[in-house]
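The structure under discussion appears below in the form of structure tokens.
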Ligand SMILES: COc1ccc(C(=O)NC2CCC2)cc1-c1cc(C(C)=O)n2cccnc12
């Protein structure tokens, strides 16, 4: 039972690594590559209680913390949503988050996820 779950995580891990590479390529300015801090974004840590960024997601992939593509997707959406909560709509960060969210959702759309779920269980 445990081996099966472990074995299952291999392919899922590969899939998520590939998915993250594809999506992160769109973050050319690397606004989402690292955790946002209070120096560059005043008051960030008191406004955004559940921060998320690509480096944190990468670490979670590496330690097999994601057991499904849905879990990965919710961290991705959290990351984008944080940026639309903290930043005003006219800012480059808000716009970058909206663009990134659209790209990410295309990569993780329903059809693909159901195919992946069938393939990876
Ligand atoms: C890891 O986060 C970042 C890294 C680098 C930069 C950056 O290069 N900013 C320069 C472009 C104009 C200043 C911005 C950010 C950044 C991301 C964000 C997000 C994602 O909200 N942010 C918000 C307010 C101020 N700065 C940021």
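All of the numbers you see were taken from the coordinates with simple rules; none came from a lab. Just so it is clear, the structure is predicted and the values come from calculations on it, not from any experiment. Glycine also receives a Cβ, built like all others from the backbone with ideal geometry; neighbour counts cover every protein chain displayed.
Against the longest principal axis of the chain, how steep is helix 110-120, in degrees 0 to 90 to the nearest 10, with axes from Cα atoms?
So the helix axis and the longest Cα principal axis differ by about 40 degrees.
Give the shape of the chain as rounded, prolate or oblate, defined through the alpha-carbon gyration tensor: a ≥ b ≥ c are the square roots of its eigenvalues, a/c under 1.5 means rounded, and otherwise the shape is prolate if a/b is larger than b/c and oblate if not. Don't jump to the answer; show the numbers that get you there.
Values: a/c = 2.54, a/b = 1.79, b/c = 1.42.
Note, shape of the chain comes out prolate.
Divide by every residue of the chain the summed helix terms, -39500 (n - 2.57) for each DSSP H run of at least 4, and state the resulting mean residue ellipticity at 222 nm, rounded to the nearest 500 deg cm²/dmol. Walk me through the numbers on the way to the answer.
Working: 6 runs with 81 residues, N = 121.
Helices in the chain give a 222 nm mean residue ellipticity of -21500 deg cm²/dmol.
Compute the angle between helix 69-86 and the longest alpha-carbon principal axis of the chain, please, reported from 0 to 90 degrees and rounded to the nearest 10.
With both axes taken from Cα atoms, the answer is about 0 degrees.
Would you mind calculating the gained length between residue 81 and residue 41 on full extension (0.36 nm times residue separation, minus the Cα-Cα distance), in nm to one decimal? All intermediate terms of the calculation are to be shown ahead of the outcome.
Details: separation 40, 0.36 × 40 = 14.40 nm, distance 1.56 nm.
Using 0.36 nm per residue and subtracting the Cα-Cα distance, I get 12.8 nm.
How many nm is it between the label spots at residue 99 and residue 113, if each spot is 7 Å from the Cα in line with the beta carbon?
Result: 2.5 nm between the two label points.
Among 101, 20, 30, whose mean-square fluctuation peaks in a Gaussian network model of the chain (Cα, cutoff 10 Å)?
30
To the nearest 10 degrees, how steep is helix 2-24 against the longest Cα principal axis of the chain, on a 0 to 90 scale?
The answer is roughly 40 degrees.
What do you get for Rg/Rh of segment 4-75 when both radii come from the Cα atoms and Rh is the Kirkwood radius?
Working: Rg = 14.0 Å, Rh = 13.4 Å.
Over the Cα atoms of segment 4-75, Rg/Rh equals 1.04.
Pick out which of 64, 46, 55 has the largest mean-square fluctuation in a Gaussian network model of the chain, springs linking Cα atoms closer than 10 Å.
Top of the fluctuation ranking is 46.
Running a GNM on the chain with Cα contacts under 10 Å, which residue among 44, 94, 66 ends up with the highest mean-square fluctuation?
Among 44, 94, 66, the largest mean-square fluctuation in the Gaussian network model of the chain belongs to 44.
Taking the beta-carbon count within 10 Å as an exposure proxy, list 80, 18 from fewest neighbours to most. Let's see the in-between values first.
Working: 80 22, 18 11.
Least crowded to most crowded, the residues run 18, 80.
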